[in-house]
Amino acid sequence: MSDFDWKQQYDHLHASFPGYMKQPVIGLTGNFTEGNCTLAEAYYSAIIRAGGTPLIIPPFAQKDALVNLLDSLDGILFTGGADLNPLFVGEEPVRELHGVNVHRDLQELLLARLAFDRQLPILGICRGIQLLVAALDGSIYQDIYSQATSIAKGGKFIKHSQEMERGVASHSVNIEADSLLHQIFRKEKLYVNSFHHQAVNNPGPCLKVVATAPDGVIEAVESTEYKPILGVQWHPESFGMFGDDAMEPLFQWLIREATLFQETKNIHRDIITLDSHCDTPMFFDQKIHFDQRDKRILVDLHKMTEGRQDATIMVAYLKQQERTDEALLAATAKADRILNEIESMVAQSCEYVDIAYTPADILRLKKQGKKAVMLGIENGYAIGKDISNVERFRKRGVVYMTLCHNGDNDICDSAKGQNEHSGISDFGAQVVKEMNRVGMMVDLSHAAEKSFFDALEISKLPIVCSHSSSKALCNHPRNLTDEQLKALAAKDGVAQVTLYSGFLRENQPATILDAIEHLNHMVNIMGVEHVGIGTDFDGDGGIIGCACSSELLQFTRRLLLERYSKADIELIWGGNFLRVMNQIQQASEIK
């Protein structure tokens, strides 16, 4: 078939239904020269060979257009080009600075940060690695030969700015053995080309160095947070110009990650994602802005949107304090005040978010393009000794109440208490029965083990643990033993893995891998129908790799890598918890 006979090619494409596989779309930043957007063929050819669909991004900086563009991409490649203008990173130019491209810098710095927040797979090449570092709070050398003299091994640099064919190796790089880059190439030494005089100085908090040249100049960086982010100083797209496919694994990695990201997005589009425990109201006294990307909190509308999170249960948290009549009345008043503040916060952004009272409300809001906030109470201290408060709080929309917190109260003993009642008190037994009657979920996170088993026996309906992890993997009094997990599942209850570092790993910071290990263990003990996720964000929750609502996509990505099916992920991401909620609400005597 002739390449010039386009009609024949058209007919060939449609000779039979091919069942096209939807390739991931990779955005490639374009250069700008003499009024034209340009891009070297090697870049988009490398993406096509690896199985992706390239989309060239012209240099523009309109923020709304950038956000809309990112929503259509499955990955992004920052291409090479001119020097980065140092003024954008708060520096004056040094004498050795080469030409800058004023059309690219602002756009690409914005694009890199927005893509990072949205968890897109990212590959940066040459200028691209420097751009990534600058956007993610690191620093670069404007000129390594004049600024980086202290790092040169033996006081000498190798030649980095070459004038040779780009498809030919010019020097070697040493790769860290435990890095993603090493997994991709399966080599500790790689031969690369080199055409730069700028380089990474400090990779910053989000990236780490994973390859260096023989003279110590940084040649590659990757994410410190288990995100699919890589930057390389050389030009891998040009290395195959003369038939050498040594760099193909790098582009194949990008396409694999983009395909995974595409699947992750599609799952979040089709299912309900519910975080069963969030403590954002604890920050209300700091005058936070839920409608903005507020750095002080881990859950806001922007972060929920970036992480494609549909719903969260915000709790009115009450610290366990004294139990005099006066203190109990104050506790009830405080719970009401916090619930009022949650409702007020939501009302101020009612175009984008609303209060949900039932599982059906969450689904309705998702179809309307809105986020959902549910109301919860953390610590039964809120009802004092007045059992009528249970029905009153339920009627105002509270979907669950944690029976206690870190200390015994009038309802039950806490995991961190003094065993005052030897489990559930007589009053506590009445509270559990009343919660069953009015359709409020009984939450046993924070409860002592005896309180847990007492509540299971007293309750006629399933109970939940809104934010608890496995004691077998992390011996914390707040976690659940395997016996508790089995008993909970036997009564059709649900335990929600929490992303609180101290409940996941002892003596060192936890990562997303630890959270997945807890979830896997709990699934093995209980079955996938009884496990979910309660992050405890803004209540000290947040771990490396899943530190805020923006990064909840990373949890789904990890579930896919663990070979969980879409149906399993739907159960984990809220299906199980909402099933129990619906069952309890349907059994309620009040409507």
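Give all pairs with beta carbons closer than 8 Å in which a residue from region 17-32 that is under 18 Å from Glu237 (Cβ atoms) and surrounded by 18 or more Cβ atoms within 10 Å (Cβ to Cβ) meets a residue that is at pLDDT 85 or above and of a type in the set (Phe, Trp, Tyr); count only pairs at least 6 apart in sequence or on separate chains. As it stands, the answer is Pro24/Phe261; Leu28/Tyr43; Leu28/Tyr44; Thr29/Phe78, since those pairs meet every condition given.
Looking at region 40-140, the helices (runs of 4 or more DSSP H) lying wholly inside it that each contain 1 or more residues that are crowded, with 20+ Cβ neighbours inside 10 Å and among the hydrophobic types (A, V, I, L, M, F, W, C) sit at 41-50, 105-117, 127-135.
Can Gly545 be described as closer than 12 Å to Ile516 by Cα and of a type in the set (Gly, Ala, Ser)? Outline the logic, then answer.
Numbers: closer than 12 Å to Ile516 by Cα: yes; of a type in the set (Gly, Ala, Ser): yes.
The answer is yes for Gly545.
One line per residue, one yes/no per condition, for (1) more than 21 Å from Arg557 (Cα to Cα); (2) in contact with a Pro (Cβ under 7 Å, 6 or more places away or on another chain); (3) buried (at least 23 other Cβ atoms within 10 Å of the Cβ); (4) not assigned by TED's automatic domain parsing to the domain that holds His171:
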position	(1), (2), (3), (4)
Lys187	yes, no, no, no
Pro203	yes, no, yes, no
Leu230	no, no, yes, no
Glu237	yes, no, yes, no
Glu248	yes, no, no, no
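For region 146-160, the set of residues classified as closer than 21 Å to Val89 by Cβ and surrounded by 14 or more Cβ atoms within 10 Å (Cβ to Cβ) consists of Gln147, Ala148, Ile151, His160, listed by residue number. Cβ-Cβ distances below 8 Å connect the following pairs, each with a first residue in region 376-393 that is under 17 Å from Ile584 (Cα atoms), a second residue that is assigned to a helix (DSSP H, G or I) and aromatic (Phe, Trp, Tyr), and a separation of six or more residues or different chains: Ile377/Phe393.
In region 336-364, the residues that are closer than 15 Å to Gly376 by Cβ and crowded, with 17+ Cβ neighbours inside 10 Å reach residues that are modelled with pLDDT of 95 or more and of a type in the set (S, T, N, Q) with C-beta atoms within less than 7 angstrom, at least six apart or across chains, in these pairs: Thr358/Gln585; Pro359/Asn582. Restricting Ala495, Ala472, Ala490 to residues that are among the aliphatic types (A, V, I, L, M) and crowded, with 24+ Cβ neighbours inside 10 Å narrows the list to Ala495. One residue alone among Leu552, Leu560 is touching a residue at least 40 places away in the same chain (Cβ under 8 Å) and either surrounded by fewer than 20 Cβ atoms within 10 Å (Cβ to Cβ) or in contact with an Asp or Glu (Cβ under 6 Å, 6 or more places away or on another chain) (or both), and that residue is Leu560.
Determine which member of the set Ser422, Ser451 is in the same structural domain as Lys491 (by TED's automatic domain parsing), assigned to a loop (DSSP other than H, G, I, E, B) and among the hydroxyl-bearing types (Ser, Thr, Tyr). Before the answer, list the steps.
Details: Ser451 fails: assigned to a loop (DSSP other than H, G, I, E, B).
Residue meeting the stated conditions: Ser422.
The condition (being out of contact with any Cys (no Cβ under 7 Å at 6 or more places or on another chain) and either within 29 Å of Cys412 (Cα to Cα) or among the charged types (D, E, K, R) (or both)) is satisfied by just one residue among Ala347, Ala327: Ala327. If you go through region 302-322 and pick out every residue that is within 14 Å of the chain's Cα centre (by Cα) and not in a loop (DSSP other than H, G, I, E, B), you end up with 5.
Looking at region 154-181, which of its residues are more than 38 Å from the chain's Cα centre (by Cα), under 14 Å from Gln233 (Cα atoms) and among the charged types (D, E, K, R)? Passing the criteria: only Lys159. Looking across region 287-306, the residues that are charged (D, E, K, R), surrounded by fewer than 19 Cβ atoms within 10 Å (Cβ to Cβ) and more than 16 Å from Arg118 (Cβ to Cβ) come down to Lys287, Asp291, Lys295, Arg296. Ile458 meets each of the listed conditions (1) surrounded by fewer than 20 Cβ atoms within 10 Å (Cβ to Cβ); (2) more than 20 Å from Val580 (Cα to Cα); (3) in contact with a strand residue (DSSP E or B) (Cβ under 7 Å, 6 or more places away or on another chain) apart from (2). Scanning region 83-119 for residues that are among the aliphatic types (A, V, I, L, M) and touching a helix residue (DSSP H, G or I) at 6+ places or on another chain (Cβ under 8 Å) yields Leu84, Val89, Val94, Leu97, Leu106, Leu109, Leu110, Leu111, Ala112, Leu114, Ala115. Within region 260-296, the residues that satisfy the criterion of being touching a residue at least 12 places away in the same chain (Cβ under 8 Å), out of contact with any Asp or Glu (no Cβ under 8 Å at 6 or more places or on another chain) and more than 29 Å from Val25 (Cα to Cα) are Asp275, Ser276, Arg296. In this structure, Glu188 does not qualify as touching a strand residue (DSSP E or B) at 6+ places or on another chain (Cβ under 7 Å), of a type in the set (Asp, Glu) and closer than 14 Å to Val232 by Cα. Residues in region 513-530: is at least one polar (S, T, N, Q), part of a loop (DSSP other than H, G, I, E, B) and modelled with pLDDT of 95 or more? The answer is no, given that none of the residues of region 513-530 is polar (S, T, N, Q), part of a loop (DSSP other than H, G, I, E, B) and modelled with pLDDT of 95 or more.
Scan region 390-419 for residues that are surrounded by 21 or more Cβ atoms within 10 Å (Cβ to Cβ) and polar (S, T, N, Q) and the total you get is 3.
The values are calculated or read from the model by the stated rules, or taken from the named source; none is laboratory data. In this text, all values refer to a predicted model and were calculated from it rather than measured experimentally. So basically every Cβ, Gly included, is an ideal-geometry build from the backbone, and we count neighbours across all protein chains shown.
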